Amino acid sequence: MNIIALADIHGEVSRVRAFVSQKPSADLILLVGDITHFRGEKEAAQILDVLKQTRIPLLAVSGNCDFSEVDDFLSREGIGIHGRWVTRGGITFVGLGGSLLWLGQTPNELPEEAYETFLSRLTPELPSNQPVILVSHQPPFGTDTDLASNGKHTGSRSIRKFIEQYNPLICFTGHIHEAVGIDRISPTRIINSGPFFNGLYGYAQVTDKLESLTIKNIVNNKQKG
């Protein structure tokens, strides 16, 4: 399975149109939160309408800058996976939207306990015979992907605990715009591909294992792995 991950679009429809015009090829597109920029269903629908032109299936979680109605909209569209899991192509995708508390300045913030509750409820249900990919706008604690510009790690300890216990192949994340990179927790690769409003996105090739993982840029077609 070839997977494209778009994090932190922040309502930049023109960037999405530019991406679609390049005729991307993949089996699945993941939207890793902050689809809108402090907006709701209308702006999210504009983004989805453009992405649907690719005819590539979508799965999505909200981000902290998406109003709560975005989650309801994604669920009605049949692509929302916040707080649940789905199977696509023999892979289990686990979704977590929002972010940890951010000084109360964004509309979709959750306490650490909420992530712990979501994951403790989901884990007994996860299939044991297929690989797992975590799609979480909030990064796990303690990697290059949650390192803010002030030098502090801002990630979730509950999400890190889940990764250490269940060893998903990949954790696609975002939220911390300056923390672009690929790191690991044990065997799990953690990728914050950076804000898509700057043209950055993630690309993975997965079988029953991770074959490749890179960060690409639609502006100049550079990539790094």
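The values are calculated or read from the model by the stated rules, or taken from the named source; none is laboratory data. It should be emphasised that the depicted structure is a prediction, and the values quoted were computed from it without experimental measurement. Virtual Cβ from ideal backbone geometry, glycine too; neighbours counted across all protein chains shown. Heads up: the accessible areas ignore ligands, DNA and RNA and are worked out on the full protein's heavy atoms, side chains in. Shrake-Rupley method; radii C 1.70, N 1.55, O 1.52, S 1.80 Å.
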Could you work out the relative contact order of the range 107-225, using alpha carbon pairs under 8 angstrom and six or more residues apart, expressed as a whole percent? 19 percent
Mind checking which of Arg17, Arg84, Arg157 has the largest fluctuation in a GNM of the chain, springs on alpha carbons under 10 Å? Arg17
Along the range 146-162, Karplus-curve 3J(HN,Hα) (6.51, -1.76, 1.60; θ = phi - 60°) to the nearest Hz, with x for Gly and Pro, reads 10, 8, 7, 5, 7, x, 9, 7, 10, x, 8, 6, 5, 5, 4, 4, 4
Pairs of Cα atoms under 8 Å, at least six residues apart: use those to get the relative contact order of the range 61-175, whole percent. 26 percent
Accessible carbon and sulfur surface of the chain relative to its total accessible area, %, 1.4 Å: 46 percent
Glu164 label point, 7 Å along Cα→Cβ, cut-off 20 Å on backbone N: hits in the range 60-103? 100
Accessible area in square angstrom per residue, the chain, 1.4 angstrom probe: 43 Å²
May I ask you to derive the relative contact order of the chain, considering only C-alpha pairs under 8 Å and at least 6 residues apart, and to give it as an integer percent? 20 percent
Debye log10 I(q)/I(0) for the range 1-117, one point scatterer per Cα, at q = 0.18, 0.19, 0.20, 0.22 Å⁻¹: -0.89, -0.99, -1.08, -1.27
Which option, (i) 16.9, 48; (ii) 15.6, 43; (iii) 18.2, 53, is the value of Rg and Dmax of the Cα atoms in Å that was calculated from these coordinates? (ii)
Quote the FRET efficiency, to the nearest 0.05, computed for Leu101 versus Ser212 with a Förster distance R0 of 41 Å and r equal to the Cβ-Cβ distance. 0.70
